[in-house]
1. Just checking, which of P75, P92 is within 19 Å of Y137 (Cα to Cα) and assigned to a loop (DSSP other than H, G, I, E, B)?
2. All but one of (1) over 18 Å from Q15 (Cα atoms); (2) at pLDDT 95 or above; (3) of a type outside the set (S, T, Y) hold for N61; which doesn't?
3. Considering each residue of region 54-70, count those that are outside any loop (DSSP other than H, G, I, E, B), out of contact with any Pro (no Cβ under 7 Å at 6 or more places or on another chain) and either open to solvent by 50 Å² or more (accessible area, probe 1.4 Å) or among the aliphatic types (A, V, I, L, M) (or both), and give that number.
4. Does region 1-53 hold any residues that are part of a loop (DSSP other than H, G, I, E, B), within 26 Å of I72 (Cβ to Cβ) and open to solvent by 100 Å² or more (accessible area, probe 1.4 Å), and which are they?
5. Criterion first (of a type in the set (A, V, I, L, M, F, W, C), under 11 Å from the mean Cα position of the chain (by Cα) and closer than 22 Å to F51 by Cβ) does L139 satisfy it?
6. For region 71-94, how many residues are buried (at least 17 other Cβ atoms within 10 Å of the Cβ) and more than 15 Å from the chain's Cα centre (by Cα)?
7. Test W82 against the criterion of being in contact (Cβ under 8 Å) with a residue 40 or more places away in the chain and under 16 Å from G47 (Cα atoms), and give yes or no.
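The values are calculated or read from the model by the stated rules, or taken from the named source; none is laboratory data. Quantities reported herein were computed from a predicted structural model and do not represent experimental measurements. When we count neighbours, we look across all protein chains shown, and the Cβ atoms used for this are built from the backbone with ideal geometry, even at glycine. Please note that ligands, DNA and RNA were not included when accessible areas were found on the heavy atoms of the full protein model with its side chains. Shrake-Rupley method; radii C 1.70, N 1.55, O 1.52, S 1.80 Å.
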Amino acid sequence: MSIQKIGPEGLKNIQALNLRIPEKIPEIPFKEEELKSKENDYILVFGTSVFNDGAPVTIRNLKKRFGKDPEISEPCFYNQDWYDKEHFIDIPMEDGWFLIRKAVYEDSRAVQPTELLQTHTFPSAIKCTYAFFTAWYVLQTRLWEHDFVWCCDTDHNCDRIYVGKYHDIDGVNKNGFSIHRHLALRPCYGCID
């Protein structure tokens with residue numbers, strides 16, 4: 001077995017994305033031993049920074065392409081707009097290879113992100129979003145379909161971003177790639193009776 005890969009050839013076939021693939025593909029920066037040790041749990045992804053129309057590959061531009069209504073087409077984003085004015089959705093994808101984990105660590109469930117950051121490094125929201133949509137097409141898989149994954153990004157209040165959970169197993173919410181923020185307690189939170 002070898003590591004699952006989303007490479008330039010697979011990306012060229014995603015008509016919904018219409019990505020501009022660089023003429024010169026950089027070498028994979030990971031040693032063969034590392035790829036071998038991660039082949040069961042990770043995907044090797046080639047990131048591209050620009051669509052063929054010249055627009056940068058950002059969460060904002062991915063949202064424009066995929067929309068937010070599963071009744072029109074899937075994959076799509078979950079219908080929410082709280083983050084439309086946040087900086088992190090305009091951070092462009094970088095050209096190059098990266099590894100991304102296919103599933104959450106079981107021992108990380110329900111653990112505060114501040115605690116997890118002592119032993120883990122979170123990926124960016126754009127890498128997670130890009131990996132989700134490219135894996136849908138190239139690998140025919142839904143990454144983190146029922147789970148959220150923490151990201152290194154924060155909103156303007158420094159609340160931690162988390163993404164994923166495409167499908168609500170309870171059937172309450174519509175399908176869609178979700179982007180949320182973990183609200184930190186600040187003095188503006190209190191109780192009444």
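1. P75
2. The single condition N61 does not satisfy is (1).
3. Taking region 54-70 and keeping what is outside any loop (DSSP other than H, G, I, E, B), we get 56, 59-66.
Still in the list and also out of contact with any Pro (no Cβ under 7 Å at 6 or more places or on another chain): 59-65.
This time we only want the ones that are either open to solvent by 50 Å² or more (accessible area, probe 1.4 Å) or among the aliphatic types (A, V, I, L, M) (or both), so: 59-60, 62, 64-65.
Within region 54-70, residues that are outside any loop (DSSP other than H, G, I, E, B), out of contact with any Pro (no Cβ under 7 Å at 6 or more places or on another chain) and either open to solvent by 50 Å² or more (accessible area, probe 1.4 Å) or among the aliphatic types (A, V, I, L, M) (or both) number 5.
4. If we filter region 1-53 for residues that are part of a loop (DSSP other than H, G, I, E, B), which is where we start, we get 1-3, 7, 13-18, 20-31, 38-41, 48-49, 52-53.
In the following step, the residues that additionally are within 26 Å of I72 (Cβ to Cβ) were identified as 13-18, 20, 48, 52-53.
N13, Q15, R20, D53, listed by residue number.
5. On the way: of a type in the set (A, V, I, L, M, F, W, C): yes; under 11 Å from the mean Cα position of the chain (by Cα): no; closer than 22 Å to F51 by Cβ: yes.
The answer is no for L139.
6. Of the residues in that region, 1 qualify.
7. For W82, the condition - in contact (Cβ under 8 Å) with a residue 40 or more places away in the chain and under 16 Å from G47 (Cα atoms) - is not met.
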